[in-house]
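Input: a single structure, listed below in structure tokens.
The values are calculated or read from the model by the stated rules, or taken from the named source; none is laboratory data. These numbers were taken from a predicted model, which means no experiment stands behind them. We place every Cβ from the backbone using ideal geometry, glycine too, and count neighbours over all the protein chains shown. Accessible surface areas use protein heavy atoms only, side chains included; no ligands, DNA or RNA. Shrake-Rupley method; radii C 1.70, N 1.55, O 1.52, S 1.80 Å.
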Amino acid sequence: MELYKERFIKEYQELNERVQKLGNMLSKYLADELEFIPTCSYNLLHEQYCYMVNYLNILERRAILEDIDIKKFTLK
């Protein structure tokens, strides 16, 4: 596999994992189930989450155009 495709997949995997973790944290934040007190407001963290999801969507669109199979790297 070409080096840029490997880097692309790594970036996608890392971002996808962070999106999942932040989404889980936001769910716990709303349910008042966090094991710590966040210094950021829910709204700010949610805004970050939205931007991250948008970036993930852009990577998915690029993957189609650049013929990079990322489906096997997607976390559920």
0 to 90° range, to nearest 10: angle between helix 42-65 axis and the chain longest Cα axis | 10 degrees
Are there GluC sites (Glu not before Pro) in the stretch 29-74 that DSSP marks as loop and that have at most 14 other Cβ atoms within 10 Å, and which are they?
-> 33, 35, 66
With the 1.4 Å probe rolled over protein heavy atoms, the stretch 1-43 has an accessible area per residue in Å² of 76 Å²
Relative to the chain, whose Cα atoms define the longest principal axis, helix 3-30 and its Cα axis are tilted in degrees, nearest 10, by 20 degrees
Potential extension, residue 20-residue 42 segment - 0.36 nm per residue separation minus Cα distance = 6.3 nm
Loop chymotrypsin sites (Phe, Trp or Tyr not before Pro), the stretch 1-62 (other Cβ atoms within 10 Å of the site Cβ: 16 or fewer; DSSP) = 36
Lysines within cross-link reach of residue 71: Cα-Cα under 24 Å, excluding same-chain residues under 8 positions apart?
-> 5, 10, 21
Computed over the chain: relative contact order in percent, which uses C-alpha pairs under 8 Å that are six or more apart | 49 percent
Summed side-chain charge close to residue 3 - residues other than residue 3 whose Cβ falls under 14 Å, Lys, Arg +1, Asp, Glu -1 = -1
What is the pair-distance distribution P(r) of the chain, computed from all Cα-Cα distances in 10 Å bins starting at 0, with each bin given as a whole percent?
-> 17, 43, 24, 13, 2
Could you please state how large a percent of the accessible area of the chain is carbon and sulfur, counting protein chains only and using a 1.4 Å probe?
-> 53 percent
How much length is gained if the chain between residue 35 and residue 66 is pulled fully straight, taking 0.36 nm per residue apart and subtracting their Cα-Cα distance, in nm to one decimal?
-> 7.0 nm
